[in-house]
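For reference, the structure discussed in these notes is given below.
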Amino acid sequence: MDYRRMPIEVESPEQLPGGYAAIKCNLAESSVTDRIWDDLKIDLKGLAIAYTHHIGHPQFRDLLAKEYNIEEKDIILTAGAAAGLFLLATTLLKDGDSIVVVRPNYSSNLETPRAVRCKVHYHELKYENGWQIDVAALGAQVESSAAKVISVTTPHNPTGICLSEDTLKALVAIAEKNKCYLIVDETYRDMVYNNVGPLALAATLSPRVVSVSSLSKTYGLPGIRLGWVACRDPALMESLLAAKEQMYICNPVLDEEVAYQFYRNKKDHLRDVMHELKERRDMVQKWMDSQDVFEWNAPQGGCVGFPRIKPSLSVDLDVFYHTLNSEYGTYVGPGHWFEQDR
């Protein structure tokens with residue numbers, strides 16, 4: 001394994017001198033506002049601080065399974081989505097294997113395959129194409145590289161663009177045709193701005209599809225480190241469980257119990273989150289429409305967007321970022337966090 005720190009982690013707000021206290025307006029945050037323990041009304045009385053089920057809290061997995069219309073055995077709980085993605089990379093890939101991954105992307109989806117010494121083939125998303133996947137081009141990449149894994153996200157991080165049902169099904173067909181796995185990072189799945197709701201969980205479409213999610217981004221619980229992987233391939237799930245047991249045996253019992261009690265009231269939590277997010281997105285869109293320096297493809301989901309300075313303008317980026325930070329106390333995520341222009 002070849003590990004290296006990712007720019008998004010090195011430069012994250014919590015790593016700054018003074019941490020979050022030094023920032024007035026944190027626009028680099030990729031999750032909703034962190035929740036306060038006192039507001040959760042979680043009851044942990046009588047909880048035994050013991051090893052728990054290695055695959056994960058049975059009642060919580062049952063909640064997820066009923067929601068997704070899959071079986072409880074098709075879900076393994078992980079220490080956040082990042083751990084799930086790591087387990088998948090180290091289970092499905094080895095030195096010299098190929099993966100096709102969309103870019104820009106959440107940094108773990110890019111860096112972990114490199115740590116495994118994979119041949120990483122990038123499917124470059126373009127602003128001019130609305131950050132949409134070119135299905136035919138991606139299919140050709142998979143075939144020519146003999147890729148073992150395809151990695152996508154929806155709603156996409158950092159653009160907020162969602163896969164259509166037709167595109168998702170086309171990607172599943174590519175995975176099945178090439179006998180590879182399609183990993184779909186669905187961390188923002190519940191966070192869509194249409195009036196219909198999210199697509200069916202990707203993992204329900206084929207045993208060749210793996211869905212990854214967590215409670216961090218959408219629900220403001222990044223501190224409990226609780227995520228999950230869903231897949232209907234029993235052999236892969238057994239391998240993931242073996243990998244998890246060798247790395248950390250089981251999730252912290254405190255984290256799992258908090259997650260379970262919180263998720264039982266998911267509908268109430270999500271209603272409040274989406275009401276606030278829609279107001280904020282509309283506010284940003286109104287501002288975008290009022291100026292002529294920045295442009296973006298409006299997010300269709302998630303709580304982040306990926307605006308850019310119009311290419312026709314000349315801007316000193318060092319001055320730009322310094323002015324935002326020092327004069328306005330505002331922190332934004334620069335493009336190089338996602339391997340794009342700064």
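The values are calculated or read from the model by the stated rules, or taken from the named source; none is laboratory data. Note that the structure is a prediction, hence the values are computed from the model and not measured. Please note: Cβ atoms are built from the backbone with ideal geometry, for glycine as well, and neighbour counts cover all protein chains shown. Ligands, DNA and RNA are excluded from the accessible area calculation, which covers all protein heavy atoms including side chains. Shrake-Rupley method; radii C 1.70, N 1.55, O 1.52, S 1.80 Å.
Details
- Strands (runs of 3 or more DSSP E) fully within the stretch 143-243 counting 3 or more residues that are of a type in the set (S, T, N, Q) and touching a residue at least 24 places away in the same chain (Cβ under 8 Å): 209-214
- Matching residues in the stretch 244-256 - criterion: being assigned to a helix (DSSP H, G or I), over 30 Å from residue 272 (Cβ atoms) and among the hydrophobic types (A, V, I, L, M, F, W, C): 247
- Within the stretch 66-81, being within 25 Å of residue 161 (Cβ to Cβ) and crowded, with 21+ Cβ neighbours inside 10 Å holds for 80, 81.
- When 199, 182 are checked against the criterion of being touching a Leu at 6+ places or on another chain (Cβ under 8 Å) and open to solvent by less than 10 Å² (accessible area, probe 1.4 Å), a single residue qualifies: 182.
- Checked across the stretch 139-159, the condition of being within 18 Å of the chain's Cα centre (by Cα) and either at positive phi or among the charged types (D, E, K, R) (or both) holds for no residue.
- Pairs, first closer than 24 Å to residue 153 by Cα in the stretch 282-302, second part of a loop (DSSP other than H, G, I, E, B) and among the hydroxyl-bearing types (Ser, Thr, Tyr), C-beta under 7 Å, six or more apart: 297/159; 299/159; 300/193; 301/188; 301/193; 302/188
- Qualifying residue in the stretch 205-221 (condition: more than 23 Å from residue 137 (Cα to Cα), open to solvent by 40 Å² or more (accessible area, probe 1.4 Å) and touching an Asp or Glu at 6+ places or on another chain (Cβ under 9 Å)): yes
- Long-range neighbours under 8 Å by Cβ, at least six apart or interchain, first residue within 24 Å of residue 160 (Cβ to Cβ) and outside any helix (DSSP H, G or I) within the stretch 98-124, second acidic (Asp, Glu) and open to solvent by less than 40 Å² (accessible area, probe 1.4 Å): 106/185
- Enumeration of residues in the stretch 126-152 that are open to solvent by less than 10 Å² (accessible area, probe 1.4 Å) and within 27 Å of residue 27 (Cα to Cα): 151, 152
- Filter pass, residue 51 being hydroxyl-bearing (Ser, Thr, Tyr), surrounded by fewer than 18 Cβ atoms within 10 Å (Cβ to Cβ) and not in a loop (DSSP other than H, G, I, E, B): no
- Residue match in the stretch 257-270 (condition: polar (S, T, N, Q), assigned to a loop (DSSP other than H, G, I, E, B) and more than 20 Å from the chain's Cα centre (by Cα)): yes
- Members of the stretch 288-331 that are surrounded by 14 or more Cβ atoms within 10 Å (Cβ to Cβ), in a loop (DSSP other than H, G, I, E, B) and in contact with a strand residue (DSSP E or B) (Cβ under 9 Å, 6 or more places away or on another chain): 296, 300, 302, 307
- Residue among 61, 4 that alone is in contact with an Asp or Glu (Cβ under 8 Å, 6 or more places away or on another chain), of a type in the set (D, E, K, R) and in a loop (DSSP other than H, G, I, E, B): 4
- Against the criterion of being open to solvent by less than 30 Å² (accessible area, probe 1.4 Å), in contact (Cβ under 8 Å) with a residue 40 or more places away in the chain, in contact with a Gly (Cβ under 6 Å, 6 or more places away or on another chain) and at negative phi, residue 88 does not qualify.
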